[in-house]
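Any read-out appearing in this document is the output of simple, stated calculations on the displayed coordinates, not a laboratory observation. Just so it is clear, the model here is predicted, and its values are computed rather than measured. Backbone-built Cβ (ideal geometry, glycine too); neighbour counts: all protein chains shown.
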Amino acid sequence: MEEDQGQSIGLFKKYLGNNRIFQNREVLRHSYRPQILPHRRPQIDLVASILAPSLKNETPSNILIYGKTGTGKTACVRYVGAELEDASLHMGTICRVVHINCEQIDTQYRVLAQISKSLIGEDASSSDKVRTHIPMTGWPTDQVYQELKNQLEAEGGVLIIVLDEIDKLVKKSGDETLYNLTRINGDLKESKVSMIGISNDLSFKDFLDPRVLSSLSEEELVFPPYNAPQLCDILQQRADIAFMENALDDGVIPLCAALAAQEHGDARRALDLLRVSGELADREEAERVSESHVKMAQAKIESDSMIECIVTLPTQSKVVLYSMLLLEQMGQNIFTSGEVSRIYKEIAPVLDIDVLTHRRITDLISELNMLGVINTRVVSRGRYGRTKEMWFDANTSKIWDVIQNDQRLSAQGLGQMDIQWVKTLFR
């Protein structure tokens with residue numbers, strides 16, 4: 001047993017012993033909450049000023065917060081929420097903040113049950129709390145709503161409900177949840193409720209009933225993207241804790257910031273670039289992180305995000321993509337929509353899926369282009385009209401793996417379609 005343990009440790013020994021790069025890489029994760037949020041003081045102060053009446057047991061205005069991914073919306077709201085709860089303890093008032101991610105909790109029932117669960121706490125021990133616990137499924141919605149009101153009245157004070165990615169909830173379940181929550185104060189005497197909605201999508205308001213919108217958006221706040229100098233400050237703050245002294249070349253942080261600033265000023269993207277750059281340097285046992293590591297990290301992140309996108313594509317899109325892969329394997333680096341359509345119409349019946357029209361196939365090709373999986377261009381063929389040419393911009397080996405690992409496609413006979421089979425179609 002000891003010998004086995006020694007062998008296992010030996011396998012990882014060189015990775016455990018090398019500590020030239022990282023001091024605390026967790027600081028570069030999205031989940032890390034810094035004590036200071038650079039370049040967001042005006043937004044923090046504004047949110048705090050709107051929520052401040054809750055410390056006097058008054059109902060604060062509801063807030064809608066907008067901004068692109070990685071602009072600090074969630075981090076700022078969590079920071080202000082934590083400060084609010086801390087201030088309420090010192091003042092002897094009751095202020096609670098419940099944070100709900102609507103990408104995961106996206107129905108009215110689950111939102112109400114999650115609010116209840118947060119009020120009661122994970123370790124509720126009293127018989128009353130056990131009795132009023134709302135299960136995550138099984139009750140009529142009106143019963144859940146009534147039980148939540150009972151819990152709010154029993155707790156008293158002010159509850160701030162943060163609905164992060166609120167657009168996901170609205171688009172899946174409509175605005176009934178928001179309608180009920182914006183009117184819940186009319187049914188309460190001993191407690192008060194306020195909401196903060198956070199969204200990357202300004203257009204989601206189009207899905208809301210005007211009455212809901214007017215109640216929900218009493219205050220609106222837009223978070224602007226970070227520029228390159230601001231991203232440099234954010235990265236430097238994290239890098240001072242995350243990396244060993246002198247582990248970064250001088251150009252690393254400015255390059256990460258510049259690349260992320262090109263993509264809508266996304267701080268998450270900048271942090272990912274810096275973290276992956278450090279990991280690549282660490283794995284190759286480099287002395288320092290260099291700009292070349294940043295370039296490699298950029299390529300890796302783009303590739304990984306594209307693969308994740310391909311995994312979630314609908315079956316029809318995967319079959320269209322597979323048609324392109326077969327053409328590329330034949331040596332056609334550039335192919336037309338007509339050629340893709342021809343291969344697709346041979347593949348679809350073998351896979352027992354509906355055969356789409358040429359127009360619908362070109363729509364799927366446009367979607368693949370929009371997602372960055374392929375590149376396309378429209379070219380003129382003179383009197384023969386115009387056609388769409390396309391090609392892969394990156395190595396396709398990972399795309400092959402994703403398509404061939406699709407359980408439905410492999411079960412329906414994807415393996416029967418090799419290059420020789422395709423070549424027979426063009427004879």
How much mean residue ellipticity at 222 nm does the chain get from its helices, if each DSSP H run of length 4 or more adds -39500 (n - 2.57) and you divide by all residues, to the nearest 500 deg cm²/dmol?
-> -16500 deg cm²/dmol
Take the alpha-carbon centre of the range 141-207, take the same for the range 246-298, and report the distance between them in whole Å.
-> 40
When a footprinting reagent is the concern and you count Cβ atoms within 10 Å, what order do 396, 71, 315 take, fewest first?
-> 315, 396, 71
With x for Gly and Pro, the residue-by-residue ³J(HN,Hα) of the range 53-70, computed from phi through the Karplus equation 6.51 cos²θ - 1.76 cosθ + 1.60 at θ = phi - 60° and given in whole Hz, is x, 5, 6, 9, 6, 10, 7, x, 5, 6, 10, 10, 10, 10, x, 5, 4, x
Cα-Cα separations in the range 57-115 greater than 14 Å, expressed as whole percent | 68
With everything on Cα atoms, drop me the angle between helix 73-91 and the longest principal axis of the chain, reported from 0 to 90° to the nearest 10.
-> 20
Neighbour-count ranking for 282, 164, 233 (other C-beta within 10 angstrom, fewest to most) reads 233, 282, 164
Once Rh for the range 184-292 is found with the Kirkwood sum over Cα pairs, what is the Stokes-Einstein diffusion coefficient at 37 °C and 0.692 mPa s, in µm²/s?
-> 191
Place a +1 charge on the Cβ of each Lys and Arg in the range 139-261 and a -1 charge on the Cβ of each Asp and Glu, then give the dipole magnitude about the Cα centre in debye, rounded to the nearest 20.
-> 320
Fraction of alpha-carbon pairs in the range 41-222 farther than 25 Å apart, rounded to whole percent, equals 30
Sticking to Cα atoms, compute the Rg of the range 310-360 to one decimal and its Dmax as the biggest Cα-Cα distance, whole number, in Å.
-> 10.6, 28
So which of 300/398; 168/192; 73/295; 73/168; 172/192 end up more than 18 Å apart by C-alpha?
-> 168/192; 73/295; 172/192
Neighbour net charge for residue 244 - beta-carbon separation under 15 angstrom, K R +1, D E -1 = -3
Dipole moment magnitude, nearest 20 debye, the chain about Cα centre, only Lys, Arg, Asp, Glu C-beta charged | 1300
Which trypsin sites (Lys or Arg not before Pro) in the range 306-411 pass both tests, a DSSP loop state and at most 13 other beta-carbon atoms within 10 Å?
-> 381
So for the chain, Kirkwood radius off the Cα pairs, Stokes-Einstein at 20 °C and 1.002 mPa s: how many µm² s⁻¹?
-> 83
Exposure proxy check on 209, 272, 354: fewest-to-most Cβ neighbours within 10 Å is 354, 209, 272
For the chain, find the longest principal axis of its Cα atoms and tell me its angle to the long axis of helix 141-155, 0 to 90°, nearest 10.
-> 50
Can you tell which of 210, 349, 225 shows the greatest fluctuation in a Gaussian network model of the chain with Cα springs below 10 Å?
-> 349
Which whole-number percent gives the relative contact order of the chain, counting Cα pairs below 8 Å spaced six or more residues apart?
-> 17
Most mobile listed residue (270, 281, 348) in the chain, GNM with C-alpha springs under 10 Å = 348
